[in-house]
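Colleague: This is the structure I have questions about; it appears just below.
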Amino acid sequence: MKRLSLKEIEKITGGKLFAKDDTLKVSNFSKDSRNIKKNDIYVGIKGSNFNGNLFYKDAIDKGAALAIVDNDNVDTSYGNILIVNNSMEAIKKLALYERDNFKGKVIAVTGSVGKTSTRTIIAKLLSEKYSVLSTKLNYNNEIGLPFTILEHTDEEIMVLEMGMNHLGEIERLSNIAKPDIAVITNVGTAHIGILGSRENILKAKMEITSGMNKDGVLILNGDNDLLSTVKSKIKISFCNTKKDEGFYIKSLNRIENNIKITLYNEENYLLENVTDATIMNYLLAINVAKILDLSYEQIKNGLKKVQIDDRMKVIKTSKFVIIDDTYNASLEAVKSAINYLENYKGKRKVAILGDILEVGDFGENIHREISTVTKNIDLVLTTGDNAIYIGGKHFKNIDELIENMYSYLKEGDVILVKASHGMHFSKIVEELKNK
């Protein structure tokens, strides 16, 4: 964010400033008092299990030039303090101010599956031509997105990821980000336990258009049964891998674990270590790149540099090939990972699978559906309340699985490890790596 005076911040947020010098200019925001640097602005965020307002003195002691809090019970003589009605609303106002003064392009990405991967690919491709600010870590919610926008300095492009659990969340994010280009990767079953149906999930994802410029472009996965039916006042560009319409793949050829695609315009690109499902993520990203005038060579060079951490990470040890896909899970992502395992060159194929979380009453049906795509897998090991419906050898907990899995595994196995992040399957990966 450009440097603002304390007085300007007071005006934008509508708060009450206590400072000896309100002309002091600041720019860097942080919500973690442990990581405060000199002249940062500390923001006290109040959550269900945490109250950042209590640490304003720690932040000031570490050099914070301003502490923004929504608690009247503070010592206003301790340093520069801005009291607001709600710290999160104050940050949103500041982020909106920054967005309204930003002259570059904003790309917003959401979807049930693949939003982080797609956002990562888009940012990497666009970096071949532009300076890019992109969402980091899991900063894709109503706290993270405003803080990401406030990190802006002189970048020409912002690539922002938008996540949600409930209806209305993406609408609020879109009204802050005001995307020029919006991408929806997929409408699947993630959060179906909360939203109740895939139709409601589609409705929630389409909220991304709420803050869009009328001249913007909405890029959609045309392979998806629900997204393919979408109509909007915003211009739509459908990406397709299964039919020759819109922005489509004309042909593809597998080269071991890589795929060479030929687009409708005869451009060829090599995608490395991809599943069938992640082909779409790349196609969506290439579409964004073409809209923003990247050349064929720039896109090719960008694709070579793509590295998606914690997703489909292939680890080769002296005994096993481990496919670490423990970052998170949904029905669609598990199916895609199993397809990748099937096509991976190797001896025996093993899937170690756990629960997909946040599926509510749909848990049994979703996990039974996974069982229909594991028929070509040599060995399936599972743990979790719902994973029992996948079939294979089931264990009562992760510790029992780790203790007993070596009696089922063989040297040379290619092993997929996949479950929702809350199942802590990274423990299994670490155990296999160290064996």
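Colleague: For region 83-202, what is the per residue volume of the convex hull drawn over the alpha-carbon atoms, in cubic angstrom?
Modeller: 104 Å³
Colleague: Counting pairs of alpha carbon atoms under 8 Å apart in space and at least six apart in sequence, what relative contact order in percent does region 264-386 give?
Modeller: 21 percent
Colleague: Remind me, relative contact order of the chain in percent, using alpha carbon pairs under 8 angstrom and six or more residues apart?
Modeller: Computed value for the chain: 11 percent relative contact order.
Colleague: Find out how many positive minus negative residues lie around Ile366, taking Lys and Arg as positive, Asp and Glu as negative, among other residues whose Cβ is under 11 Å from that of Ile366.
Modeller: Result for the neighbourhood of Ile366: -4.
Colleague: I've got another one for you. So what's the gap between the Cα centers of region 199-231 and region 20-88, to the nearest angstrom?
Modeller: So the separation of the two Cα centres works out to 38 Å.
Colleague: Given contacts defined as C-alpha pairs under 8 Å and at least six residues apart, what's the relative contact order of region 245-311, whole-number percent?
Modeller: RCO, region 245-311: 21 percent.
Colleague: Report ³J(HN,Hα) in whole Hz for each residue of region 260-272, in order, from the Karplus equation J = 6.51 cos²θ - 1.76 cosθ + 1.60 where θ = phi - 60°; Gly and Pro get x.
Modeller: Working through the residues one at a time gives 9, 10, 10, 7, 4, 9, 6, 6, 10, 9, 9, 10, 9 Hz.
Colleague: Can you list the lysines whose alpha carbon sits under 19 Å from that of Lys243, skipping same-chain ones fewer than 8 residues off?
Modeller: By straight Cα distance, Lys243 reaches Lys231, Lys260.
Colleague: Now, a different point. Quick one: which of Lys313/Lys345; Lys2/Lys203; Lys396/Lys427 span more than 27 angstrom between C-alpha atoms?
Modeller: Too far apart for the 27 Å limit: Lys2/Lys203.
Colleague: Looking at the P(r) of region 313-434, how many percent of alpha-carbon pairs lie beyond 17 Å?
Modeller: Result: 49 percent of Cα pairs exceed 17 Å.
Colleague: Just round it to a whole percent: the fraction of Cα-Cα distances in region 102-304 exceeding 23 Å.
Modeller: Of all Cα-Cα distances in region 102-304, 40 percent exceed 23 Å.
Colleague: Eigenvalues of the Cα gyration tensor times 5, then square-rooted: what semi-axes does that give for region 217-258, in whole angstrom, largest first?
Modeller: The equivalent ellipsoid of region 217-258 has semi-axes of 24, 10, 9 Å.
Colleague: Which value, in debye to the nearest 20, describes the size of the charge dipole of the chain about its Cα centre when Lys and Arg Cβ atoms bear +1, Asp and Glu Cβ atoms bear -1, and nothing else is charged?
Modeller: My answer is approximately 760 debye.
Colleague: Evaluate Rg over Rh across region 4-86, taking Cα atoms for both radii and Kirkwood's formula for Rh.
Modeller: Expressed as Rg/Rh, it is 0.92.
Colleague: Turning to a different aspect of this structure: Over the chain, what per residue volume does the convex hull of the Cα atoms give, in whole Å³?
Modeller: Hull volume normalised by residue count: 155 Å³.
Colleague: If you average the C-alpha positions of region 245-300 and of region 132-159 separately, how far apart do those two centres end up, in angstrom?
Modeller: 26 Å
Colleague: List the aspartates and glutamates whose Cα lies under 13 Å from the Cα of Lys178, skipping any in the same chain that are fewer than 8 positions away.
Modeller: Within reach: Glu98, Asp100, Glu161, Glu207, Asp215.
Colleague: What list of ³J(HN,Hα) values in whole Hz, one per residue of region 36-44 in order, does the Karplus curve 6.51 cos²θ - 1.76 cosθ + 1.60 (θ = phi - 60°) give from phi, with Gly and Pro shown as x?
Modeller: Couplings: 5, 10, 4, 6, 5, 9, 8, 10, x Hz.
Every read-out reported here was derived from the displayed coordinates using simple, explicitly stated rules and does not represent laboratory data. Computed from a predicted structure; not experimentally measured. Note that each Cβ is placed from the backbone with ideal geometry, even for glycine, and that neighbours are counted across all protein chains shown.
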